[in-house]
Amino acid sequence: MTTVPLGLPRRLVEFTLDGETVRAPEGATVLDACRAAGKDIPTLCEGDTLTPKNACRVCVVEVEGARTLAPACSRLAEPGMSVRTDSERARHSRKLVLELLASSVDMSTTPRVAGWIEEYGAEPGRFGEDAARVEEDPRVDNELYVRDYSKCILCYKCVDACGEQWQNTFAIAVAGRGFDARISTEHGAPLTESACVYCGNCIEVCPTGALSFKSEFDMRAAGTWDESAQTETTTVCAYCGVGCNVTLHVQDNEIVKVTSPHDNPVTHGNLCIKGRFGFTHVQNRD
């Protein structure tokens with residue numbers, strides 16, 4: 001039986017959110033409070049299993065008395081503070097961030113971004129055809145997952161998941177500076193020659209599809225990937241006795257990818273290579 005630590009009850013802090021008094025547990029972020037209040041704040045680099053890096057700045061809110069806008073994903077709720085999530089200044093900043101991101105990388109596989117672009121009236125095309133874009137062919141150097149850096153927004157979530165926050169493999173990091181900054185293996189080597197252990201936890205946290213299952217990449221290329229036709233079934237991985245939960249994504253009676261629930265106390269969304277990729281035997285008809 002798994003024991004889930006409940007922790008000590010947390011004191012509630014009271015503050016004003018868009019003119020209404022709200023309460024949030026001590027240590028909660030403004031984003032946590034917004035979600036509890038039913039407010040939809042766009043996020044890209046925020047992850048529920050990772051410490052925020054404040055890289056994308058698309059979740060910024062206006063805090064009364066603060067000189068600059070604050071990222072809601074990392075700004076802690078404080079007693080007496082007054083936060084506005086939908087001010088003209090915050091909306092303008094989100095619009096500009098979305099325009100800059102969508103004009104520089106391919107966000108066609110980023111969930112919800114099309115709706116945010118419409119909601120904030122962002123016009124990525126206004127920078128013209130000469131706007132600098134990341135143009136790279138997808139790197140297909142193994143049979144498990146694909147790296148397509150033309151979709152990468154440099155949110156660093158994959159680096160954190162591979163490194164000190166979860167896997168401690170450190171197979172990938174940020175190489176270069178400024179416009180030359182890229183997520184890379186050591187010396188830019190193929191993944192098969194790197195320290196990668198193919199846990200796929202970087203795929204789990206990637207918000208844009210820059211990292212994807214090879215099966216998903218192939219199906220998208222063939223035009224057969226259809227998330228609306230997929231079902232999800234969560235079960236227990238049978239490879240060892242740890243008891244990791246795995247969620248099987250099935251389309252046309254075939255497992256197309258495997259994830260893990262982020263709220264699972266064993267995995268927190270993370271898996272090993274067997275749990276993440278070792279599913280082909282399930283559908284072997286031989």
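The values are calculated or read from the model by the stated rules, or taken from the named source; none is laboratory data. Source: prediction; values computed, not measured. A quick note on method: Cβ atoms are made from the backbone with ideal geometry, for glycine too, and the neighbour counts reach across all protein chains shown. Surface accessibility is based on the protein's heavy atoms, side chains included, excluding ligands, DNA and RNA. Shrake-Rupley method; radii C 1.70, N 1.55, O 1.52, S 1.80 Å.
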field: Between 0 and 90°, nearest 10: helix 88-104 axis offset from the chain longest Cα axis
entry: 30 degrees
- prompt: Can you give the accessible area of residue 143, probe radius 1.4 Å, in Å² rounded to 10?
  reply: 140 Å²
Prolate/oblate/rounded label for the stretch 243-286 (Cα gyration tensor, a/c 1.5): prolate
message: Which three numbers, in whole Å and largest first, are the semi-axes of the equivalent ellipsoid of the chain derived from its Cα gyration tensor as √(5λ)?
response: 33, 26, 18
- prompt: So what is the relative contact order of the chain, in percent, for Cα pairs below 8 Å that sit 6 or more residues apart?
  reply: 13 percent
Within the chain, helix-based [θ] at 222 nm, where runs of 4 or more DSSP H residues each add -39,500 (n - 2.57), nearest 500: -5000 deg cm²/dmol
query: Of the residues 100, 144, 12, which exhibits the maximal mean-square fluctuation in a Gaussian network model of the chain defined by a 10 Å Cα contact cut-off?
result: 12
field: 5 angstrom amide H check on residue 87, placed H, neighbours 5+ away
entry: 62
task: For the stretch 44-179, report the accessible area per residue in Å² (1.4 Å probe, heavy atoms, rounded to an integer).
output: 53 Å²
- prompt: Around residue 139, which amide H atoms from residues at least 5 apart in sequence, or from another chain, sit under 5 Å from its own amide H, with H modelled in the peptide plane?
  reply: 147, 148, 149
- prompt: Label residue 247 and residue 74 with points 7 Å out from Cα along Cα→Cβ: what is the distance between them in nm?
  reply: 2.6 nm
query: With the Cα gyration tensor of the stretch 100-173 giving a ≥ b ≥ c as the square roots of its eigenvalues, does the rule (a/c under 1.5 for rounded; else a/b larger than b/c for prolate; else oblate) give rounded, prolate or oblate?
result: prolate
query: So how strong a dipole does the stretch 15-107 carry about its Cα centre when Lys and Arg Cβ are +1 and Asp and Glu Cβ are -1, to the nearest 20 debye?
result: 200 debye
- line: Computed about the Cα centre, the charge dipole of the stretch 94-220 from +1 Lys/Arg and -1 Asp/Glu charges at the Cβ has a magnitude in debye, to the nearest 20, of 300 debye
message: If you take every DSSP beta bridge fully contained in the chain, what fraction is antiparallel? Give it as a percent rounded to 5.
response: 95 percent
message: I'd like the carbon and sulfur percentage of the solvent accessible area for the chain, probe radius 1.4 Å, heavy atoms only, ligands and nucleic acids excluded.
response: 50 percent
- line: Per the C-alpha gyration tensor (a ≥ b ≥ c, the square roots of its eigenvalues), the stretch 1-150 is rounded if a/c is under 1.5, else prolate if a/b beats b/c, else oblate; here it's oblate
